[in-house]
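For reference, the structure discussed in these notes is given below.
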Amino acid sequence: MKNHMRCKYTYKPDNKKNGGNYMDMIIKKIAALGVPGLVLMIAIELTGLAGAAAIVAALAALGPGGIIGGVMTLCVIGLIADGIAEYGFDEIAKGVIMELYCNGESKESIKEKVSKYPISEKMKNNLYEVVEKFARQ
């Protein structure tokens, strides 16, 4: 359940433009995009470029198929973030694993795929536990 109360904290930047409202406006726009906005912002920063070139490079780097793939990746990230916020990671993971089983995947093949993911060992272990829990059900 989302908290719709007014936030009592306000970011106070050192560099103020347009009477100090410019940074607040940027923060509110990125926050409106949610997790995909943060991902895009980080990808833009990592390109080392500026302006439109940074946006194009970031989108192209985010997904397969260039810019269109990057936009699609951000959309998928948004769906996943909304699902996790609504139902929790465990429930989404269980649902995905159940769907993989329904599509004919075995416990071993799912674990093999997880082992190849570019994620931390902690996250891999969490996914292995979810696979084991579901396999017992």
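For GLY63, nonlocal amide neighbours, meaning residues 5 or more places apart or on other chains whose placed amide H falls under 5 Å from its own, are GLY70. P(r) for the range 88-137, from all Cα pairs and a bin width of 10 Å, is 26, 62, 12 %, short bins first. Going from the fewest other Cβ atoms within 10 Å to the most, the residues LYS133, LYS116, LYS111 appear in the order LYS116, LYS133, LYS111.
Note that the range 106-112 has calculated 3J(HN,Hα) couplings of 9, 4, 5, 5, 5, 4, 5 Hz, one per residue in order, obtained from phi through the Karplus relation 6.51 cos²θ - 1.76 cosθ + 1.60 (θ = phi - 60°); glycine and proline are x. Here the range 14-70 was treated as a single set of alpha-carbon atoms; its pair distances binned every 10 Å from 0 give 23, 43, 27, 7, 0 percent.
Here, each number is a calculation from the coordinates, and none is a lab measurement. All values derive from a computational prediction rather than experimental measurement. Note: ideal-geometry Cβ built from the backbone for every residue, glycine included; neighbour counts use all protein chains shown.
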